[in-house]
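Worksheet for the structure shown next.
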Amino acid sequence: MSKIKVEICMGTTCYVLGASSLLQVQEALPAELASRVEIDGASCLELCKNGQFGKAPFVRVNGETISEATIPKLVQAIRRHAAATA
Amino acid sequence: MLNGGCFVDVDFCQVSKHGQHAAGDVFLSRKLAAEDRLVCVLADGLGSGIKANVLATMTASMALKYVSADIDPQRASEIIMATLPVCSQRRIGYSTFTILDIGHGQDVRIVEYENPPYLLLNRHPVQKRELSVRTAQLGVRQLAFSEFEATIGNRLVVFSDGVSQSGMGSRDMPLGWGAGVNGFAHDLLAENGEISSRQLARRLVKRAQQNDNWKARDDISCAVISFRRPRRTMILTGPPINQERDIEMAMLLRDYQGSRVICGGTTANLVARELGRKVKLDMTAIDPEIPPTSLMDGIDLVTEGTLTLSRLATLLDQGASPEQLQANGAVKLLRLLLESDCIEFIVGTRINESHQDPNLPVELDIRRNLIKRIVRTLNEKYLKEANVKFM
């Protein structure tokens with residue numbers, strides 16, 4: 001089973017809008033999902049520069065862009081990707 | 001300050017006498033850019049605490065003013081001694097001092113009045129001349145005057161008697177540290193010939209404090225002046241206004257001889273793209289306020305931009321010691337800058353639109369203004385050679 005890659009943007013805008021707390025997403029996941037994700041930071045995903053991707057903070061889950069990311073939103077996206085690749 | 005290829009690195013370290021909030025020793029230094037000259041004074045006021053601090057502050061400020069204005073040191077000393085307020089208990093006005101006047105990074109003139117004699121390392125001793133000064137309450141007093149041309153590698157160590165008399169009365173050094181200061185400074189240089197003025201001053205002060213069993217019995221102050229080749233650092237921050245210059249910016253950093261720093265996620269991505277390198281976030285330490293740093297081959301430090309630089313500006317204003325702070329991007333950057341002499345900022349002026357959003361919970365400074373403020377502080381307060389180039 002391949003890992004689900006979660007990239008959290010640590011750029012200025014994402015950081016002030018709460019990206020650092022998103023690093024705790026792993027703890028919010030049930031055990032079977034927690035072991036399947038690989039959480040990483042990015043120095044900047046370059047998604048905030050124009051409005052087309054929505055608003056910060058941004059996270060990429062297996063390439064899918066999540067805007068205005070929160071822990072519940074991330075858990076939901078991770079579940080979706082886990083189901084798709086199971 | 002940088003003069004004819006020789007950099008004069010000045011730093012100072014101090015602890016107050018145990019139980020005193022104010023130090024009775026004062027060290028002041030000023031860079032006279034127009035004359036390519038640096039003047040420093042270490043004054044030790046009679047006694048300790050606030051009263052001593054006032055005496056020492058007055059002495060140091062006057063000495064700095066007079067010497068900067070080219071008033072003869074003998075005359076300057078007379079005025080200082082005549083002006084100092086008289087202590088009600090001891091019936092004398094008193095502060096010992098050492099004045100250093102360094103022109104063009106090499107022409108050194110030193111006037112000493114009853115402070116422990118300065119140490120001159122990596123060089124033959126200099127013959128001192130005596131100057132007589134008439135004073136109202138203290139009769140005729142002798143000043144020691146020395147003059148020499150410094151060369152790269154020379155170091156001057158100036159300290160108060162709190163250093164040389166530390167440990168006095170203890171079993172190991174009944175007469176105080178005395179000549180041991182010289183030996184210890186030599187050992188430190190033998191251990192690391194490149195030790196910064198800052199580190200050398202700190203190590204000497206720490207050792208004197210240890211001699212006093214960590215309860216300093218007098219104010220312990222030490223200034224170190226090193227004559228050396230400049231240590232250079234380049235900091236890239238912000239993408240250029242014109243995207244065609246991205247490659248130029250990246251090459252500037254790649255070809256730089258010195259420490260290389262990038263501040264900003266976009267800038268880090270730009271350099272990584274142009275030079276075909278990888279940028280990897282370092283998740284080992286997460287700070288609640290300052291975003292983590294990243295790693296890139298050939299780059300000494302990669303940090304986030306605005307938040308890190310804002311914090312750096314605050315730390316510089318506060319005179320913070322990186323050794324006493326939890327290491328985040330701003331603290332790492334502060335440490336690197338304090339150990340550098342020449343600091344070049346290359347600032348891209350493209351505005352980051354997302355920082356202008358009024359919904360952001362914090363106000364983000366415009367990069368240009370922030371850097372100007374940092375450069376001014378580095379030059380004026382830290383006597384660095386900092387400059388900025390916009391792209």
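The values are calculated or read from the model by the stated rules, or taken from the named source; none is laboratory data. Values in this document were obtained by computation on a predicted structure and should not be read as measured data. In this analysis, Cβ positions are derived from the backbone assuming ideal geometry, glycine residues included, and neighbour counts consider all displayed protein chains. These area figures cover heavy atoms from the full protein model, side chains too; ligands, DNA and RNA do not enter into them. Shrake-Rupley method; radii C 1.70, N 1.55, O 1.52, S 1.80 Å.
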For the protein assembly as shown, the percent of accessible surface on carbon and sulfur atoms (probe 1.4 angstrom, ligands and nucleic acids excluded) is 48
With +1 at each Lys and Arg Cβ and -1 at each Asp and Glu Cβ, the charge dipole magnitude of the stretch B:69-207 around its Cα centre, to the nearest 20 debye, comes out at 500
Once Lys and Arg are counted +1 and Asp and Glu -1 for all other residues with Cβ under 10 Å from that of B:Ile110, the total becomes -1
Expressed in angstrom and ordered largest first, the alpha-carbon extents of chain A along the principal axes are 34, 22, 19
For the protein assembly as shown, one quarter of the surface area of the C-alpha convex hull, expressed in nm², comes to 28.0
Placing one equal point scatterer on each C-alpha of the stretch B:30-79 and summing with Debye, one gets log10 I(q)/I(0) at q = 0.15, 0.18, 0.22, 0.29 Å⁻¹ equal to -0.44, -0.59, -0.79, -1.05
DSSP beta bridges in the stretch B:224-344: the antiparallel percent, rounded to 5, is 20
Heads up, the stretch B:228-377 by the C-alpha gyration tensor (a ≥ b ≥ c square roots of eigenvalues; a/c under 1.5 rounded, else a/b over b/c prolate, else oblate) looks rounded
Relative contact order of the stretch B:14-132 (C-alpha contacts under 8 Å, at least 6 apart) in percent is 23
Counting all Cα-Cα pairs in chain B, those more than 37 Å apart amount in percent to 30
Excluding residues fewer than 8 positions from B:Lys215 in its own chain, the lysines with Cα under 22 Å of it are B:Lys17, B:Lys51, B:Lys206
In the stretch B:202-302, the trypsin sites (Lys or Arg not before Pro) that sit in a DSSP loop and have at most 11 other Cβ atoms within 10 Å of their own Cβ are B:Lys215, B:Lys278
When A and B pair up, the total accessible heavy-atom area removed from solvent (1.4 Å probe), in Å² to nearest 100, is 1700
With the 1.4 Å probe rolled over protein heavy atoms, the protein assembly as shown has an accessible area per residue in Å² of 45
